[in-house]
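Colleague: A single structure is presented below for examination.
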Amino acid sequence: MLEVSKLMRKYGRFTAVKDASFTIEQGEIVGLLGHNGAGKTTILKMLSGYLEPHHGQVQLNGISVNQQPKIAQQMIGYLPENLPIYPEMQVIDYLDYAATLKAIPSSQQLDELRRVIKATDLSDKLLAPIGTLSRGYKQRVGVAQALLGQPRFLILDEPTNGLDPTQTAQMRQLILEVAKQATVILSTHIMQEVEAICDRVLIIRAGEVAMDAKLADLKQSHRLELETSLPLEALRAAVNSIAGIAHISQVEVPIHHRYHIELNNDVSWQEISSQLAHHVTQIGDLYALQPTITDLETLFRQVNQQPLQHQQSLEGDEHAE
Ligand SMILES: Nc1ncnc2c1ncn2[C@@H]1O[C@H](COP(=O)(O)OP(=O)(O)OP(=O)(O)O)[C@@H](O)[C@H]1O
């Protein structure tokens, strides 16, 4: 489990990350989604131990990244935004060097190298100098070094940045594969990326976690839109035996009666809508019945349009360190 509590980081007087708290369970794939400059990279750098927070804690299975960095870092694979890859080095030499840096015992290094080369499909490029590789292959080398040592936590900063559609699809497949054994947190500003591979999204805005939502919950709805021939009182009488309806409100439209039906959180719209359709059609006509679903794009827009709670995080504040 990855536990982040009240993380804060400034650059000079500018607060780049403010009060970020969240918990990620083993095996989850979580996406940090935000506009450029929202604070995603700064959060990931603090999770990986690369940057010290000014306040707050990061714990990996109870191990503090700041207080026990050596133990914590053995559990982490990190793909930074700009990987310091040496252009003149051959891929195999670089990975060998990375395995040594990660203190993988020499008796296990060969097997480990074979494993990550296979996972990232790099075997054709082992002797190529890194500087001659395409962006996609460089990114694979970055992921390969992150996978060395079978880390339980994989931190990937924009893993598909700059990749073409085929490379992007391959990288997403690889992340899904890796996530069978590890907890993955990645940053992106691409919504389709989150929809394609993540279980959960944290929307980052002006250094804060502005929204924490499970993708499966976004697909759920707690409101149905109904169009029927029934006036309000008749509708209420028709459906009052259905458990799970919290509230019915009428929407003004000229021809049909149109309603918003709010549901309790513990029921699914699929279950209620079939009962509703059955009851309404017993005594009237049903013209339309559908759930209101907030897609990720709408949610992202709504979150980014809300007024900022902590304006000083954009402007710097008086108590900078
Ligand atoms: N070393 C630094 N010194 C000063 N300001 C910085 C530094 N690094 C980042 N910042 C600022 O902190 C804010 C958050 O940056 P960060 O790189 O974490 O955002 P991001 O969400 O990862 O952005 P992007 O999607 O563009 O990579 C930005 O305003 C950025 O300009």
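The values are calculated or read from the model by the stated rules, or taken from the named source; none is laboratory data. Remember, predicted model here, so these are calculated numbers, not experimental data. Cβ atoms come from the backbone with ideal geometry, glycine included; neighbour counts cover every protein chain shown.
Colleague: Give me a count of the residues in region 32-83 that are hydroxyl-bearing (S, T, Y), out of contact with any Ser or Thr (no Cβ under 8 Å at 6 or more places or on another chain) and either within 30 Å of N304 (Cβ to Cβ) or touching a residue at least 60 places away in the same chain (Cβ under 8 Å) (or both).
Modeller: 3
Colleague: Taking into account only those residues within region 180-201 that are within 16 Å of I43 (Cα to Cα) and of a type in the set (A, V, I, L, M, F, W, C), which is farthest from the ligand (Cβ to nearest atom)?
Modeller: V184
Colleague: Filter region 230-250 down to the residues that are in a strand (DSSP E or B) and surrounded by 12 or more Cβ atoms within 10 Å (Cβ to Cβ) and list them by number.
Modeller: Once the filter is applied, which keeps residues that are in a strand (DSSP E or B) and surrounded by 12 or more Cβ atoms within 10 Å (Cβ to Cβ), region 230-250 yields I245, A246, I248, Q250.
Colleague: Something else now. Go through the residues of region 13-31 one by one and say whether even a single one is within 15 Å of the ligand (Cβ to nearest atom), exposed (fewer than 15 other Cβ atoms within 10 Å of the Cβ) and at pLDDT below 95.
Modeller: yes
Colleague: Quick one: in region 226-261, of everything that is free of Cβ contacts under 8 Å to residues at least 12 places away in the same chain and over 41 Å from the mean Cα position of the chain (by Cα), which residue is farthest from L276 (Cα to Cα)?
Modeller: Checked region 226-261; the qualifying residue farthest from L276 (Cα to Cα) is P254.
Colleague: Could you please let me know if D96 is closer than 21 Å to G142 by Cβ, surrounded by fewer than 21 Cβ atoms within 10 Å (Cβ to Cβ) and more than 13 Å from the ligand (Cβ to nearest atom)?
Modeller: When the stated conditions are applied, D96 passes them.
Colleague: Go through region 272-306 residue by residue and tally those that are touching a residue at least 40 places away in the same chain (Cβ under 8 Å) and not in a loop (DSSP other than H, G, I, E, B).
Modeller: Final tally of qualifying residues: 19.
Colleague: Please find, within region 61-75, the residue that is farthest from the ligand (Cβ to nearest atom) out of those that are among the hydrophobic types (A, V, I, L, M, F, W, C) and part of a loop (DSSP other than H, G, I, E, B).
Modeller: By that ranking, first place goes to M75.
Colleague: If you take the residues of region 216-240 that are modelled with pLDDT of 90 or more and touching a helix residue (DSSP H, G or I) at 6+ places or on another chain (Cβ under 8 Å), which of them is farthest from C198 (Cα to Cα)?
Modeller: Among them, the one singled out is A234.
Colleague: If V58 meets every condition in (1) in a loop (DSSP other than H, G, I, E, B); (2) within 16 Å of the ligand (Cβ to nearest atom); (3) β-branched (V, I, T) apart from one, which number is that one?
Modeller: Of everything listed in (1) in a loop (DSSP other than H, G, I, E, B); (2) within 16 Å of the ligand (Cβ to nearest atom); (3) β-branched (V, I, T), V58 misses just condition (1).
Colleague: Looking only at region 123-138, decide whether some residue is basic (K, R) and within 25 Å of G27 (Cβ to Cβ).
Modeller: no
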